[in-house]
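The structure appears right after this line, and notes come after that.
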Amino acid sequence: AQTVTQSQPEMSVQEAETVTLSCTYDTSESDYYLFWYKQPPSRQMILVIRQEAYKQQNATENRFSVNFQKAAKSFSLKISDSQLGDAAMYFCAYRSAHAGGTSYGKLTFGQGTILTVHP
Amino acid sequence: NAGVTQTPKFQVLKTGQSMTLQCAQDMNHEYMSWYRQDPGMGLRLIHYSVGAGITDQGEVPNGYNVSRSTTEDFPLRLLSAAPSQTSVYFCASSFGRPYTDTQYFGPGTRLTVL
C-alpha cells in the first residue's frame, strides 16, 4: 500500500517570501501522479499543482512549483512571493496510474501542513 | 456549471440515527467518490463509483452505504450513526479516467455525532 508523509505539521512565512513544504511517499509502482491540494478555512479542496511521475520536468503553476525527486520519493512544494491568500492547510496526495485493482482512482493523502502567512 | 455540490453543510446527529449526505455534480463525470477527513489523518476513501449502477468499497467503508442510480448523484448513507463517524465528508468527481484526470471536490459536510 502507498503511504504519504508530510513531516511539517505547521509552517510560517513572511508575505512576499518563499516557503517550501515537504512531502515524501512510499510506493512500489513506477507510474503514478502526485498532487498538492490547498484547503483554506472554507474547507474547499483546491488543486494547486499536479506532477506525472513519468515526466522528469518539474511542474510549475505561476508562483507554485514542485521539486520532484523520483528516486528519493520526494515531492516538495515551493511557494514564491507568498501572499496572505496562500494561508491554508496544504495536502500532498498520491494516485496510482493503473486503472485496475481495488480503490480505483483513490487519492492517498498526507496528514497536511498548516501554512501561516505573516504580513 | 455548479461543479460538485454537497448538502447539508453541517449536521448534528444522535448516536443510532440514520441520515443521507447528498452529492451531485453537473459535469457529466463518470467517477465519483466519498472521503472523510479527520484531524491529523488527511482524507481517506470511503466508497467510490465508476458509473451509474456501479459502486465499490474504499479504505474505510464500514458503517456507510452508497448507491449510484444516476450519473449526477452519489449519496452516502449512514445507517446507524456512531461518534466515530464525526468527521468532515468530501465528495469528489472526475471524468471516466480517475487515474489520469483531475478530481474535483465539493465543499464538504461537517458531521457531528453525539
*Write out, first by first residue and then by second, each pair whose Cβ atoms fall under 8 Å of each other, whose residues are 6+ apart or on separate chains, and whose first residue, in segment A:2-29, is surrounded by 13 or more Cβ atoms within 10 Å (Cβ to Cβ) while the second is among the aliphatic types (A, V, I, L, M) and assigned to a loop (DSSP other than H, G, I, E, B).*
A:T24/A:A72
*With (1) farther than 26 Å from A:C92 by Cα; (2) under 15 Å from the mean Cα position of the chain (by Cα); (3) not in a strand (DSSP E or B) as the list, and B:R77 as the residue in question, which single condition is left unmet?*
(3)
*Going through segment B:47-70 one residue at a time, which ones are in contact (Cβ under 8 Å) with a residue 40 or more places away in the chain and more than 10 Å from every other protein chain (Cβ to nearest Cβ)?*
B:G51
*Name the residue, out of B:F90, B:F95, that is within 14 Å of chain A (Cβ to nearest Cβ), more than 16 Å from the chain's Cα centre (by Cα) and among the aromatic types (F, W, Y).*
B:F95
*Give the residue that is modelled with the lowest pLDDT, with candidates limited to residues of segment A:10-46 that are within 9 Å of the chain's Cα centre (by Cα) and of a type in the set (A, V, I, L, M).*
A:L34
*Do we find a residue being part of a strand (DSSP E or B), over 25 Å from B:Q37 (Cβ atoms), within 9 Å of chain B (Cβ to nearest Cβ) and touching a strand residue (DSSP E or B) at 6+ places or on another chain (Cβ under 7 Å) anywhere in segment A:46-61?*
yes
_So in segment A:8-43, with the set limited to residues that are more than 20 Å from A:S65 (Cβ to Cβ) and hydroxyl-bearing (S, T, Y), which one is farthest from the other protein chains (Cβ to nearest Cβ)?_
A:S28
*When B:P75 is evaluated against the numbered criteria (1) in contact (Cβ under 8 Å) with a residue 60 or more places away in the chain; (2) more than 10 Å from every other protein chain (Cβ to nearest Cβ); (3) not polar (S, T, N, Q), which criterion, by number, is the only one it fails?*
(1)
*Taking the residues in segment B:61-87 that are surrounded by fewer than 18 Cβ atoms within 10 Å (Cβ to Cβ) and in contact with a Phe, Trp or Tyr (Cβ under 9 Å, 6 or more places away or on another chain) as candidates, determine which candidate is modelled with the lowest pLDDT.*
B:L79
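The values are calculated or read from the model by the stated rules, or taken from the named source; none is laboratory data. Keep in mind that what you see is a predicted model, and the values were worked out from it rather than measured. Every residue, glycine among them, receives a Cβ derived from its backbone with ideal geometry; neighbour counts consider all protein chains shown.
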